[in-house]
Structures are given as C-alpha cells and as structure tokens.
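This report concerns only the one structure given below.
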Amino acid sequence: MSGENNPAETDIYPESEDFFAFGEDLELNQFDGLPFSSRYYKLLKERKTLPVWRLRCEFDDTLVNNRLVIVAGTAKTGKSTQIPQWCAEFCLSAQYQHGTVVCTQTKKQWAVDLALHVADEMDVNIGHEVGYSIPLETCCSSDTVLRFMMSDPYLEHYGVIIIDQAHERTVSTDILLGLIKDILLQRPELRVVVLTIPPMAEKLLIHYGTIPLLSLEASCSAEVVHSSSKDYFYSALRLVLEIHRTKEEGDVIVFLASAEREGTRLGTDLGQMVLVVLCQSQGGLPCVLTEQPGSKKARRVFLSTQQGEDVWWPTDSVNFVIDTGVQKKMATPSCFLEPPAGMIHDAVQCHRKFQHPEGDHFTLINIYNFSAEKWCHDYFLDHSALKTAEAIRSELTDTLNKIELPISEPSFGTKTNTLNIKRALLAGFFMHIARDVDGSGNYFILTHKHMAHVHPLSSYGAQSHKLGLPEWVVFHEYNLSESNCMRTVSEISPQV
C-alpha cells in the first residue's frame with residue numbers, strides 16, 4: 001500500500017509549491033519582516049515628489065564617508081521626515097553595531113507628530129520600530145530603531161544623531177551643538193546630521209570648519225508680502241479676504257498665536273470659504289481633516305499655531321501661506337476649570353480661598369497641597385492637572401536622587417522658604433521679568449519690550465484695589481493674543 005501513488009497527494013503538493021512561490025514574490029519590510037501594505041506604496045509615491053529626494057543618493061554617500069553632515073533647506077522640503085528614515089536604513093545596514101537613530105526636536109508636540117508620520121510612511125507600528133520620548137510620556141520599546149525626542153544624555157545608545165530645527169536655538173540644542181566636536185573625538189564611528197535653514201548653516205560651517213553641506217530648495221518659490229500693521233490678526237484677515245476676492249485657485253494656511261481662539265473671532269460665515277482649525281490633538285495624535293459639505297468647491301482656510309518644518313496640510317492644494325510672525329508664549333495647562341454657566345461667581349469665590357499674598361506661584365502651591373479628586377471637583381479645579389504636577393515633581397525628585405543632590409524638607413509658609421522659592425523662580429525665569437512703569441498696572445517686559453497687564457484672574461488682579469500692584473514681577477506665561485496679559489505672576493524685588 002505504501003508504494004502506491006495517492007492521486008489526492010499528487011494534486012495537493014503542486015498547489016502548495018505555487019503558494020510558497022507566491023509568498024516569495026512579496027516585498028518584505030526590512031524593519032519588521034512583514035509584507036508592505038498597499039498604503040506604503042501610495043505614500044512612497046508621494047514621498048518621491050519631495051525636493052529632498054533629489055539628494056537621496058548624495059546624502060547616503062555623504063553619510064557613509066563623513067561623520068558630520070549639515071543639510072540646509074527651507075520648510076516643506078521633506079528633510080525632517082525623510083532623512084531620519086534614511087539614517088535608520090544606514091544603521092540597519094551595519095546591523096545596529098554602533099547603535100540606533102535619535103532625532104532631537106525642540107518641541108514635544110513636534111516629536112510626537114513626526115514619529116506618527118514617519119511610522120506611517122515606514123509601514124511600522126508606533127512604539128515598536130519607531131517611537132518618541134517626551135517629558136512624562138515614552139512610546140518606545142527595545143525594538144525601537146528610530147526615536148524622536150527632546151533630549152537624552154545617554155548618547156552612547158545611538159549610531160546616528162539627528163539635530164532637527166537647529167535654528168530654533170533652544171538651550172538643549174545649543175549645548176548639543178557645542179559638544180558635538182568632543183563627542184565625535186570619543187566616538188569616531190558616530191554620525192551626526194544637522195538639519196537647519198541656510199542662514200544658520202553658514203554659522204555652523206564657521207564653527208565646525210570644512211564639513212559637507214547639502215542644500216535644498218522648495219519646488220516652487222513664494223511671493224513674500226510684508227505688513228507694518230500692529231494688529232496682526234486683522235492684517236491676516238484682510239489678506240485672506242483679498243486673496244479670496246481675486247478668485248485665484250488654491251487653499252490658504254494662516255499661522256496665528258492661537259488657532260482655536262482666533263478661529264472663533266474669524267467666524268464661519270465666510271461664503272465660499274471653509275474654515276479648518278489645525279489644533280494640537282489631545283493625546284498626541286495628529287489632527288484628521290474631515291471632509292465638509294461643499295469643501296470641494298469652497299476655498300479652505302487652515303488655521304494653525306505650528307510653524308515647524310513638517311506641519312501636515314495638503315501641499316498640493318495650498319497656494320497661499322500667511323504667517324503673522326506671532327507665537328503663543330509659554331502656554332501651560334491651567335489647574336482651574338471653566339465653571340458652567342450660572343456658577344462663575346461661586347467658582348471665583350472658591351478660587352479666592354487659595355490666593356496667597358506673595359503671588360500666583362504661591363497660590364498654586366496652596367492648591368497643590370490639596371489634590372483629592374472630589375475636593376478638586378467641589379472647588380472647580382482640574383484634578384488631572386494636579387496629577388501631572390505630582391508626576392513632574394516625582395520626576396524631578398528622581399533626577400535629584402540620581403545625581404545625589406540633597407532634598408530639603410518642605411517648609412512652606414516660612415520667610416526663608418518664600419525667599420528660596422522666589423530665587424528659584426528667578427533662576428529659571430530670569431527672562432520673564434516685568435516692571436510697572438507708571439504705577440497703574442502698565443508693565444514693561446524687559447526682554448521683548450512689550451507692554452502688558454496682569455490677568456484679571458490673577459491674585460493681584462483680584463486684590464489690586466486693596467493691596468496695590470507690585471513694581472517688579474516674574475511671570476510664567478505671556479499671551480499677546482489675549483489682551484496682552486501675563487498669567488501666573490509673583491512679586492519680586494531687586495534685593496532677591
């Protein structure tokens with residue numbers, strides 16, 4: 001019986017061979033070993049139209065033969081999304097012998113958005129092969145080969161360091177740029193790629209000497225129009241309406257200090273224009289543009305606050321870019337909840353119970369000392385904001401313990417403690433100082449020479465008629481788009 005041929009078996013084996021032959025024809029992703037999806041090829045076709053792709057071969061050769069490379073280009077050239085992927089392929093070709101890739105970002109939202117965008121283009125899962133690490137949030141694993149983050153002192157983990165947006169000139173970026181020479185002497189196998197704009201590239205060449213410089217230009221030049229008007233919002237609005245009246249085709253994107261707040265001022269009744277607010281998404285997810293009725297025929301006006309290299313909008317339809325040149329300063333989540341209609345007076349009375357005569361920073365410490373969830377609800381306070389404050393304090397405490405610095409016991413309420421807190425605030429916010437120039441609450445901000453007022457909800461705003469306003473203050477947040485107000489203000493003196 002064993003020597004007889006089984007017709008059923010002879011029919012099965014050829015089909016099995018055909019099945020395996022079909023599987024071998026699939027192109028596999030070199031990062032996770034899985035077949036590419038159809039979306040990958042669609043995005044790849046779009047990626048190849050970016051200006052940076054003209055330098056793909058030149059960049060690969062330069063990275064192999066040089067330890068430090070500068071890539072200079074204007075916005076929308078694709079350098080922030082494509083070059084990290086090419087560097088990941090470079091590290092993969094060396095089997096990660098010298099480490100993986102890290103791409104530094106100046107803002108945490110940019111790190112999250114870029115990681116999500118690049119993971120989509122590479123056809124991998126966020127948090128696995130591509131991830132991000134920002135304060136109080138890490139989305140990475142042991143399999144992560146490309147990491148977007150704000151800073152990391154442990155550079156020995158990486159084979160390629162990408163310094164993106166070097167022209168933003170943050171403290172961390174400047175320190176890293178200053179240490180690059182010494183780092184490369186210690187690690188000759190390391191590769192460093194600096195992404196910036198042309199004016200900054202010239203300064204870097206003077207600092208680093210003879211190193212490769214790859215220059216990028218956008219596919220089309222833009223007409224630049226300047227305005228001398230002091231009211232940036234209405235100047236932008238007039239320009240949008242002028243563009244619309246010309247009946248030239250194309251969508252418009254406008255950079256404002258606060259897209260959500262200014263968008264409400266702009267309104268929605270704009271005729272054949274559709275207003276789309278590109279606000280930062282909750283939970284770090286990129287905003288998704290939903291098709292609106294009539295949007296195919298109407299001109300879309302995108303409002304955004306993000307002015308970085310890779311703000312996502314449909315580049316094939318946007319023909320007009322309006323930049324007001326104003327950004328929201330030092331925006332932080334508030335621990336005060338917006339009360340429902342009819343309870344505003346009750347909420348104000350509750351909040352006044354925590355007000356401290358030394359200023360708003362001390363008021364926040366009063367609030368921090370009581371953070372039970374039900375208590376927060378009763379006093380119109382955001383419990384999640386207080387939990388975030390606890391997480392930040394825990395992170396700072398861990399850092400102090402790692403570097404073996406002593407941690408003193410809290411002694412809130414004593415004169416010595418009050419003086420120490422003010423000194424700490426000045427050490428961190430020495431650029432955020434203002435002086436009342438006429439004794440009536442008109443504060444002159446020393447750094448950028450703007451006039452500002454204390455926010456009405458500040459403890460000084462509520463009690464100014466009783467206590468008077470301090471001559472010198474340190475503030476945490478200044479919002480030009482919100483009546484030139486300073487938030488979180490505390491009194492200081494030259495003697496501090």
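Could you list, in sequence order, all residues of segment 451-468 that are crowded, with 20+ Cβ neighbours inside 10 Å and either part of a loop (DSSP other than H, G, I, E, B) or at pLDDT below 80 (or both)?
Answer for segment 451-468, where residues must be crowded, with 20+ Cβ neighbours inside 10 Å and either part of a loop (DSSP other than H, G, I, E, B) or at pLDDT below 80 (or both): 455, 458, 459, 460.
Hey, any hits in segment 248-265 for a residue that's outside the structural domain of residue 181 (by TED's automatic domain parsing), modelled with pLDDT of 60 or more and exposed (fewer than 10 other Cβ atoms within 10 Å of the Cβ)?
Looking for residues that are outside the structural domain of residue 181 (by TED's automatic domain parsing), modelled with pLDDT of 60 or more and exposed (fewer than 10 other Cβ atoms within 10 Å of the Cβ), one finds at least one in segment 248-265, hence yes.
Please work out which one of (1) surrounded by fewer than 18 Cβ atoms within 10 Å (Cβ to Cβ); (2) in contact with a strand residue (DSSP E or B) (Cβ under 8 Å, 6 or more places away or on another chain); (3) among the hydrophobic types (A, V, I, L, M, F, W, C) is the condition residue 412 fails and give its number.
The failed condition is (2).
Tally the residues that are under 15 Å from residue 101 (Cβ atoms) and without any contact (Cβ under 8 Å) to a residue 40 or more places away in the chain, restricting the search to segment 143-154.
2
Which of (1) within 24 Å of residue 392 (Cα to Cα); (2) aliphatic (A, V, I, L, M); (3) in contact with a helix residue (DSSP H, G or I) (Cβ under 7 Å, 6 or more places away or on another chain) is the odd one out, the single condition residue 111 does not satisfy?
(3)
Would you check if there is a residue in segment 92-102 being touching a Leu at 6+ places or on another chain (Cβ under 6 Å), modelled with pLDDT of 95 or more and within 20 Å of residue 145 (Cα to Cα)?
Checked against the condition, which is being touching a Leu at 6+ places or on another chain (Cβ under 6 Å), modelled with pLDDT of 95 or more and within 20 Å of residue 145 (Cα to Cα), segment 92-102 yields at least one hit.
For residues that are in a loop (DSSP other than H, G, I, E, B) and either over 24 Å from the mean Cα position of the chain (by Cα) or within 30 Å of residue 408 (Cβ to Cβ) (or both), tally how many sit in segment 424-450.
The total comes to 13.
Which residue out of 60, 18, 32, 11 is at pLDDT below 95 and under 24 Å from residue 131 (Cα atoms)?
Unique residue meeting the criteria: 32.
Checking the structure you have, find out if any residue of segment 325-342 is among the basic types (Lys, Arg) and modelled with pLDDT under 80.
yes
Rundown of residues vs (1) farther than 21 Å from residue 30 by Cβ; (2) modelled with pLDDT under 90, yes/no style:
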{"site": "82", "(1), (2)": "no, no"}
{"site": "107", "(1), (2)": "yes, yes"}
{"site": "121", "(1), (2)": "no, no"}
{"site": "134", "(1), (2)": "yes, yes"}
{"site": "152", "(1), (2)": "yes, yes"}
{"site": "161", "(1), (2)": "yes, no"}
{"site": "168", "(1), (2)": "yes, yes"}
{"site": "172", "(1), (2)": "yes, yes"}
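What pairs come up if the first residue lies in segment 168-191 and is surrounded by 12 or more Cβ atoms within 10 Å (Cβ to Cβ), the second is in a helix (DSSP H, G or I), and their beta carbons are under 7 Å apart, counting only those six or more places apart or on different chains?
Qualifying pairs under 7 Å: 173/166; 177/166; 183/155; 190/183; 190/184; 191/63.
So, in segment 66-100, exactly how many residues are touching a Gly at 6+ places or on another chain (Cβ under 9 Å) and part of a strand (DSSP E or B)?
Residues in segment 66-100 being touching a Gly at 6+ places or on another chain (Cβ under 9 Å) and part of a strand (DSSP E or B): 1 in total.
Being surrounded by 12 or more Cβ atoms within 10 Å (Cβ to Cβ) and over 18 Å from residue 136 (Cβ atoms) is the filter here, so list the residues in segment 380-409 that pass it.
Matches in segment 380-409: 380, 381.
Go through segment 85-105 and give me each residue that's farther than 25 Å from residue 165 by Cα and touching a residue at least 24 places away in the same chain (Cβ under 8 Å).
94, 96, 97
What residue, among those in segment 35-53 that are assigned to a helix (DSSP H, G or I) and without any contact (Cβ under 8 Å) to a residue 12 or more places away in the chain, is farthest from residue 208 (Cα to Cα)?
Top of the filtered list is 38.
Could you grab me the full set of residues in segment 383-404 that are closer than 30 Å to residue 472 by Cβ and over 23 Å from the mean Cα position of the chain (by Cα)?
Scanning segment 383-404 gives a single hit, 400.
Could you list, in sequence order, all residues of segment 192-217 that are of a type outside the set (Val, Ile, Thr), outside any helix (DSSP H, G or I) and touching a residue at least 40 places away in the same chain (Cβ under 8 Å)?
Selection gives 195, 212, 213, 214, 215, 216, 217.
When residue 371 is evaluated against the numbered criteria (1) surrounded by 12 or more Cβ atoms within 10 Å (Cβ to Cβ); (2) at pLDDT 85 or above, which criterion, by number, is the only one it fails?
The failed condition is (2).
Do we find a residue being of a type in the set (A, V, I, L, M, F, W, C), touching a His at 6+ places or on another chain (Cβ under 8 Å) and closer than 16 Å to residue 360 by Cβ anywhere in segment 423-444?
Checked against the condition, which is being of a type in the set (A, V, I, L, M, F, W, C), touching a His at 6+ places or on another chain (Cβ under 8 Å) and closer than 16 Å to residue 360 by Cβ, segment 423-444 yields at least one hit.
Here is a check on your reading of the model: is residue 99 farther than 24 Å from residue 44 by Cα, surrounded by 20 or more Cβ atoms within 10 Å (Cβ to Cβ), of a type in the set (Gly, Ala, Ser) and assigned by TED's automatic domain parsing to the domain that holds residue 148?
Judged against the criteria, residue 99 is a match.
The values are calculated or read from the model by the stated rules, or taken from the named source; none is laboratory data. Everything quoted here is computed from the prediction, not taken from an experiment. Cβ coordinates were reconstructed from backbone atoms using ideal geometry, including for glycine residues, and neighbour counts include every protein chain displayed.
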